[in-house]
Amino acid sequence: MTDVKQDDATPKPADDRGLRNFLMRVLTALVLIPVALGVAYAGGWLWAGLVTLVSVGLFIEWRTIVGAQRTGWIVLGVVYAAVALAASVMVRLDPVWGFSALIFVLLIVWVTDIGGYFAGRGIGGPKLWPRVSPKKTWAGAIGGLVLSLGVAAGFASYGIGRLVPLLVLATVLSVVSQLGDLFESAVKRRFGVKDSGHIIPGHGGLLDRLDGYVFAVIAAALLGLLRGGADGVGHGLMVW
């Protein structure tokens, strides 16, 4: 009978770090998500103030990544942060549908990230774009998309929008959110940076956590603007 080596019986340091990091991510989310939802519900200057501070933070991290001497990249960072700010305010602006539209976008981004994390780790399989993001898999992308469809179905079941349009919208926003994640990964890889910062315990920087949201909220604002006008973005997004 073969003896079990002590090294095989004890947890690996990498496993311990992974577990600690996961628990830190969960605890941080439990604190930050209620705050974000509360401010989103309040709307007005509170929401505008929060997204302004966050957008400033996004640009600071962007400039840290790309360096101070790269003018083209710095301009791109200004546009990235400014458009994210404008889109976030516009989606929430509608007094009737703004909160529902914003929560829909936030939930799609969150469940896309959660589904991608668990499906990617649990199923594995072929990589989505290994040259840019070695850990992301097709299973994770599909898992995130499936959960986003569940969010759409949940909204429709409560009478907040119609099922088929919301399913289509959820698909678009989930895919765009994942593209935003890949875009940020590509930028970090271009400049040899692992994390955009360390402001959020267990999550890294603002760019690391909001890359998907930035792309999704911009897409949502554009779609809502085309259908509902500048003061009816939420209505244009949710009412079909």
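The values are calculated or read from the model by the stated rules, or taken from the named source; none is laboratory data. Computed from a predicted structure; not experimentally measured. Here the Cβ positions follow ideal geometry from the backbone for every residue, glycine too, while neighbour counts run over all protein chains shown.
Pairs meeting the criteria (first residue in the range 25-39 and within 21 Å of L102 (Cα to Cα), second residue surrounded by 15 or more Cβ atoms within 10 Å (Cβ to Cβ) and modelled with pLDDT of 75 or more, beta carbons under 8 Å, at least 6 apart or on different chains) are I33/W110; A36/L50; A36/L106; L37/I103; L37/L106; V39/W47; V39/L50. Scanning the range 53-73 for residues that are out of contact with any helix residue (DSSP H, G or I) (no Cβ under 6 Å at 6 or more places or on another chain), polar (S, T, N, Q) and part of a helix (DSSP H, G or I), we see that the one that is nearest to D195 (Cα to Cα) is T64. Name the single residue, out of those in the range 146-160 being surrounded by 17 or more Cβ atoms within 10 Å (Cβ to Cβ) and not aliphatic (A, V, I, L, M), that is nearest to W240 (Cα to Cα). Among those residues, the one meeting the criterion is F155.
Scoring M90 on the criteria (1) at pLDDT 95 or above; (2) at positive phi leaves a single failure, condition (2). With the condition kept exactly as written, say whether any residue in the range 196-218 is over 21 Å from A29 (Cα atoms) and out of contact with any strand residue (DSSP E or B) (no Cβ under 8 Å at 6 or more places or on another chain). Yes: one or more hits. Taking residues in the range 43-55 that are more than 19 Å from L207 (Cα to Cα), and partners anywhere that are in a helix (DSSP H, G or I) and of a type in the set (K, R), the pairs with Cβ atoms closer than 8 Å and at least 6 places apart or on different chains are G43/R92. Among (1) among the aliphatic types (A, V, I, L, M); (2) at pLDDT below 90; (3) over 29 Å from D94 (Cβ atoms); (4) surrounded by 13 or more Cβ atoms within 10 Å (Cβ to Cβ), there is one condition L32 misses while meeting the rest; what is its number? Checking L32 against (1) among the aliphatic types (A, V, I, L, M); (2) at pLDDT below 90; (3) over 29 Å from D94 (Cβ atoms); (4) surrounded by 13 or more Cβ atoms within 10 Å (Cβ to Cβ), the one that fails is (3).
Can you confirm whether the range 62-78 contains a residue that is closer than 30 Å to A139 by Cα and among the hydroxyl-bearing types (S, T, Y)?
no
Quickly run through the range 168-182 and pick out the residues that are out of contact with any Lys or Arg (no Cβ under 9 Å at 6 or more places or on another chain) and surrounded by 17 or more Cβ atoms within 10 Å (Cβ to Cβ).
Initially, the range 168-182 is screened for residues out of contact with any Lys or Arg (no Cβ under 9 Å at 6 or more places or on another chain), giving 168-177, 179-180.
Correct list: L169, A170, L173, S174, V175, V176, S177, G180.
Any residue at all in the range 142-151 that's within 26 Å of R227 (Cβ to Cβ), touching a residue at least 40 places away in the same chain (Cβ under 8 Å) and either part of a helix (DSSP H, G or I) or among the polar types (S, T, N, Q) (or both)? Yes; the residues of the range 142-151 include at least one that is within 26 Å of R227 (Cβ to Cβ), touching a residue at least 40 places away in the same chain (Cβ under 8 Å) and either part of a helix (DSSP H, G or I) or among the polar types (S, T, N, Q) (or both).
Counting only residues that are touching a helix residue (DSSP H, G or I) at 6+ places or on another chain (Cβ under 6 Å), hydrophobic (A, V, I, L, M, F, W, C) and surrounded by fewer than 22 Cβ atoms within 10 Å (Cβ to Cβ), the range 100-128 holds 3 of them.
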